[in-house]
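Written out below as structure tokens is the structure these notes cover.
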Amino acid sequence: MLELTGVSVAYDGVPAVRNVSLALPDGGVLAVLGPSGSGKSTLLRAVAGLEPASAGRIAWDGQDLARVPTHKRGFALMFQDGQLFPHLTVGRNVGYALRLRRVRGSAARVAELLELVGLTGYADRLPATLSGGERQRVALARALAVEPRLLLLDEPLSALDAGLRERLAGDLRQILRAAGTTALMVTHDHEEAFTVADRLAVMRDGALVQEGEIAAVWRAPADPATALFLGYARVLTGPAATAALAAAGRPTAPAVAVRRSALSVAATGPLTGTVRSARATPEQVRLVVDVAGVGEVDAVADLDHHPAVGESVRLDVDVSRLAVLRTGVGGEQSLH
Amino acid sequence: MTLRRAAGLLALALGPVLVLGVFFVLPVGGMLARGLWPDGAFDPGAVAEVLTRPRVRRVLGNTAWFAASATVLSLALGLPAAYALHRLAFPLRRVLRAVLLVPFVLPTVVVGVAFKQLLGESGPLGSLGLDGTPVAVILGLAFFNVSVVIRVVGSAWESLDQRPAEAAAALGASPVQVFRTVTIPALRPAIVSAASVVFLFCAAGFGVVLTLGGLRYATVETEIYLLTTNLLDLQAAAALSILQLVVVSVLLAVAGRLRAVADPGVSRVVARPRRPRLVDVPVLGATVLLLLFVGVPVLTLVAGSLQVEGEWSLGNYRALGGTGDQQALLVPVTEALAFSLRTAVDATWMSLLLGLLVGVVVTRRSRSRGERRVRAALDGFFMLPLGVSAVTVGFGFLITLDRPPLDLRDSALLVPVAQALVALPLVVRTLVPVLQGIDDRQRQAAASLGAGPLRTALTVDLPVIWKPLLAAAGFAFAVSLGEFGATSFLARDDRPTVPIVIFRLIGHPGAMNYGMALAASVVLAATTALVMLLVERLRVPSVGAF
């Protein structure tokens with residue numbers, strides 16, 4: 001079990017991570033989500049032992065790791081771009097940590113790992129001959145080879161293109177589950193975090209903003225900036241929030257985060273507004289509607305019902321696509 | 001910086017710092033102290049007085065003029081060749097590139113002898129009357145430094161991104177306009193860097209100036225030699241050394257800022273050379289001219305060495321087993337050659353060991369600004385031998401390392417240590433870009449998989465560094481074989497190196513002695529050239545690029 005207690009990391013006296021406390025139980029997969037510059041990678045490097053913590057305690061199963069160098073921590077680190085050793089074949093890359101520990105029968109283990117990541121028969125190839133996705137799979141197999149106590153993943157999929165990223169994220173989740181690995185992943189992509197992890201920690205400006213089960217964080221973001229970062233389209237505050245919540249039949253709150261699909265065109269909807277723009281996508285029509293008492297919001301319509309700009313429409317509110325926020329302020333500047 | 005990191009940095013840096021402290025700072029400091037504290041009292045006014053002497057002012061003028069002219073000549077000859085050899089495809093291109101790297105490491109004395117043979121009264125170009133003129137000195141200096149220009153500018157030109165030029169062409173720029181508006185600005189850092197280094201080398205040139213210019217056309221470096229050995233005017237010598245140190249530090253700083261070495265860790269995009277076209281004829285013509293400029297003195301030297309009294313003969317080479325006419329030497333040349341080789345081997349491992357430690361110390365990733373400053377300061381510190389006159393170092397050795405606990409005058413290691421220091425900056429400059437090119441995350445990946453520091457170095461650093469290390473070894477070996485400035489002070493008469501023997505032979509009357517000097521020059525040049533050709537086969541881009 002990984003425990004971080006009040007961890008701070010500073011570069012040249014400038015704090016990059018401030019007072020972060022986290023716990024990750026064995027077998028759990030935690031995604032640390034945050035925009036670039038939020039200190040999430042620094043936190044990961046501190047756990048790996050590549051940066052010293054300026055304050056606080058990083059411990060594994062109760063043992064303080066401050067004096068344990070990287071290579072003795074038993075945490076495998078997988079980089080954004082894999083960092084395979086270019087002069088070693090795929091097989092020797094994967095078997096690297098096994099050879100360090102003089103594990104017998106490493107060839108069989110390498111074959112097994114390559115099968116796990118779907119690269120059977122690649123053992124004799126050199127990293128330079130692989131595609132980006134294949135390289136990341138090899139890096140993953142290499143990191144998993146000696147069954148690390150903790151797997152650290154630094155933006156493992158962000159160097160890949162969108163389609164491949166989605167597919168590999170699913171594979172990654174399966175592989176981690178199958179191996180029962182405890183993992184800490186850093187990413188700026190919330191979709192990736194949702195696919196791979198079961199717990200989520202959101203960081204902003206070096207501090208931990210929110211941490212919990214993925215679904216819980218998703219349902220109740222801590223503040224507007226977190227909501228926007230998690231993929232909510234807009235955050236309504238004050239009277240706008242009250243009006244939107246009233247239409248949904250909910251008690252009033254300081255702010256509410258709405259997904260794009262929370263409002264949809266319906267003949268009997270409680271809200272009325274004027275269409276400001278409309279754009280058809282393969283699945284639905286995306287609208288921006290100026291709603292009386294709320295202001296401009298995003299909404300969707302079915303493809304067979306394409307309202308024109310300037311047309312008046314009625315909107316229905318889907319309660320499951322709203323998140324009620326306890327505060328209407330917090331970190332907007334860091335996002336926009 | 002944590003205490004532990006500071007301790008690690010210190011432990012690695014301690015060895016090289018101590019060596020450089022004892023064998024460089026101490027001798028040079030001792031030399032300067034002699035000048036600034038002439039009678040135990042601090043007297044900087046005397047230094048200023050020295051700089052106003054008419055002869056010293058003439059020497060300063062000569063140095064600046066020679067170095068500037070030789071730099072311009074090197075650029076004029078080197079730039080077309082840099083283009084032709086790196087961007088055009090023609091037969092023997094690789095061989096020519098290797099051959100044109102050789103002059104830089106040819107022993108200075110050998111080059112002096114070759115130009116003397118070419119321009120002397122009985123030489124093929126004797127009728128031009130250039131022997132003993134400034135022109136001869138400038139030609140000799142340019143002969144060496146053309147290779148620096150080709151190397152530095154050529155490797156920049158080779159990996160120049162073609163797309164901006166293509167974009168300019170697509171916008172309607174003619175080839176000449178593309179060259180003027182895109183290519184030249186992109187190459188400017190490399191050209192300025194090459195020019196500043198060449199100027200530095202020319203200003204500190206010793207062997208060539210001494211053999212071709214004699215005492216009449218002295219430069220700062222030969223004047224220091226003259227003042228210390230013949231006139232025993234240490235104060236004036238120290239004054240010149242101080243001036244040299246200041247000028248050189250400034251030039252080094254400029255060159256360092258503009259350093260344009262291709263980063264070998266990043267996969268360089270090397271443009272495919274294209275077939276020469278009609279517009280390339282002037283460039284190819286200039287390259288042929290350069291080949292003549294480099295080849296003719298060498299061929300004259302070889303031809304001269306094969307003639308005895310106008311007849312073709314191997315007599316000069318056979319005479320290398322003896323000590324020359326009128327007992328010019330104490331030991332046969334063959335023995336000096338054996339001693340030279342042994343010395344070079346020692347100097348090579350010393351400079352490699354030091355250079356590797358320095359390289360590791362200055363390239364490790366810094367965690368804090370303070371640490372970064374310390375590493376940058378160390379980097380600059382280890383470059384100092386590049387700019388301090390070898391003569392000053394050599395003489396400083398004599399006057400500071402002569403009493404216990406550092407009584408090393410008779411130590412067999414004195415000459416190799418001095419030569420290792422001369423080669424050190426070149427070794428460091430070859431290794432540092434390579435070590436810098438290694439992505440630190442490779443080391444972190446190895447560490448996170450359980451590899452300790454040693455194992456990490458074996459996995460990540462060694463596969464990248466072994467070739468440059470081998471190349472640096474060859475480079476250091478060649479430099480050590482030809483080193484003349486410091487060795488001329490330190491080598492004992494009964495244990496001379498070949499450059500010392502050659503210098504003694506040309507200064508000693510007797511036809512046979514001169515012939516032997518030619519033959520010994522050919523042997524030494526052939527050995528260095530062979531080493532350099534092997535180095536070139538390793539294809540390490542940072543060799544000879546500063």
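Worth pointing out:
- Look at region A:292-316: where a residue is of a type outside the set (A, V, I, L, M) and a partner is part of a loop (DSSP other than H, G, I, E, B) and modelled with pLDDT of 85 or more, sitting 6+ places away or on another chain with Cβ atoms under 6 Å, you get A:Asp298/A:Ala233; A:Asp316/A:Ala266.
- Check on A:Gly56, assigned to a helix (DSSP H, G or I), among the small types (Gly, Ala, Ser) and more than 10 Å from every other protein chain (Cβ to nearest Cβ): no
Quick grid of which residues meet (1) out of contact with any helix residue (DSSP H, G or I) (no Cβ under 7 Å at 6 or more places or on another chain); (2) closer than 27 Å to A:His190 by Cβ; (3) in a loop (DSSP other than H, G, I, E, B):
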position	(1), (2), (3)
A:Ala222	yes, yes, yes
A:Thr242	yes, no, no
A:Ala246	yes, no, no
A:Ser261	no, yes, no
A:Gly273	yes, no, no
A:Arg279	yes, yes, no
A:Glu283	yes, yes, yes
A:Val289	yes, yes, no
A:Val297	yes, yes, no
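- Among the candidates A:Ala23, A:Ala31, A:Ala10, residue that is closer than 21 Å to A:Arg204 by Cβ, at the interface with chain B (Cβ under 10 Å from one of its Cβ atoms) and assigned to a strand (DSSP E or B): A:Ala10
- Those residues of region B:311-348 which are over 19 Å from B:Leu301 (Cα atoms), out of contact with any Leu (no Cβ under 8 Å at 6 or more places or on another chain) and of a type in the set (Asp, Glu), in sequence order: B:Asp325, B:Glu335
- Among the conditions (1) surrounded by fewer than 15 Cβ atoms within 10 Å (Cβ to Cβ); (2) of a type in the set (D, E, K, R); (3) touching a Leu at 6+ places or on another chain (Cβ under 9 Å), the only one that A:Lys40 does not satisfy is (1).
- Out of A:Leu140, A:Leu157, A:Leu144, A:Leu152, one residue alone is within 13 Å of the chain's Cα centre (by Cα) and either within 14 Å of chain B (Cβ to nearest Cβ) or under 14 Å from A:Asp81 (Cβ atoms) (or both). It is A:Leu157.
- Taking region A:79-96 as the range and being part of a loop (DSSP other than H, G, I, E, B), within 9 Å of chain B (Cβ to nearest Cβ) and crowded, with 22+ Cβ neighbours inside 10 Å as the test, the residues that pass are A:Phe79, A:Gly82, A:Gln83, A:Leu84.
- Of all the residues in region B:478-520, those that are of a type outside the set (Asp, Glu) and closer than 22 Å to B:Asp346 by Cα number 23.
- Among (1) small (Gly, Ala, Ser); (2) within 21 Å of the chain's Cα centre (by Cα); (3) more than 14 Å from chain B (Cβ to nearest Cβ), the one test that A:Ala48 misses: (3)
- With respect to the conditions (1) touching a residue at least 24 places away in the same chain (Cβ under 8 Å); (2) under 27 Å from B:Ala338 (Cβ atoms); (3) not polar (S, T, N, Q), B:Tyr514 lacks only one, and its number is (1).
- Considering region B:440-464, the residues that are within 7 Å of another protein chain (Cβ to nearest Cβ) and surrounded by fewer than 17 Cβ atoms within 10 Å (Cβ to Cβ) include one that is nearest to the chain's Cα centre (by Cα), namely B:Pro463.
- Residue within region A:220-233 that is in contact with a strand residue (DSSP E or B) (Cβ under 6 Å, 6 or more places away or on another chain), within 28 Å of A:Arg149 (Cα to Cα) and buried (at least 20 other Cβ atoms within 10 Å of the Cβ) present: no
- Residues satisfying the stated conditions in region B:208-235, i.e. crowded, with 24+ Cβ neighbours inside 10 Å and hydrophobic (A, V, I, L, M, F, W, C): B:Val208, B:Val209, B:Leu210, B:Leu212, B:Val220, B:Ile224, B:Leu227
- Subset of region A:158-186 (residues that are buried (at least 24 other Cβ atoms within 10 Å of the Cβ) and touching an Asp or Glu at 6+ places or on another chain (Cβ under 6 Å)): A:Val186
- Test: residue in region B:475-482 that is within 14 Å of another protein chain (Cβ to nearest Cβ), in contact (Cβ under 8 Å) with a residue 12 or more places away in the chain, surrounded by 20 or more Cβ atoms within 10 Å (Cβ to Cβ) and out of contact with any strand residue (DSSP E or B) (no Cβ under 8 Å at 6 or more places or on another chain): no
- Comparison of A:Arg99, A:Arg67 shows that the only residue that is closer than 22 Å to A:Arg135 by Cα and within 14 Å of chain B (Cβ to nearest Cβ) is A:Arg99.
- Hits in region B:272-284 - residues which are under 28 Å from the mean Cα position of the chain (by Cα) and free of Cβ contacts under 8 Å to residues at least 40 places away in the same chain: none
- Among the residues making up region A:206-219, those that are surrounded by fewer than 20 Cβ atoms within 10 Å (Cβ to Cβ) and under 14 Å from A:Leu322 (Cα atoms) are A:Ala215, A:Ala216, A:Trp218, A:Arg219.
The values are calculated or read from the model by the stated rules, or taken from the named source; none is laboratory data. These numbers were taken from a predicted model, which means no experiment stands behind them. Ideal geometry is used to build each Cβ from the backbone, glycine not excepted, and the neighbour counts take in all protein chains shown.
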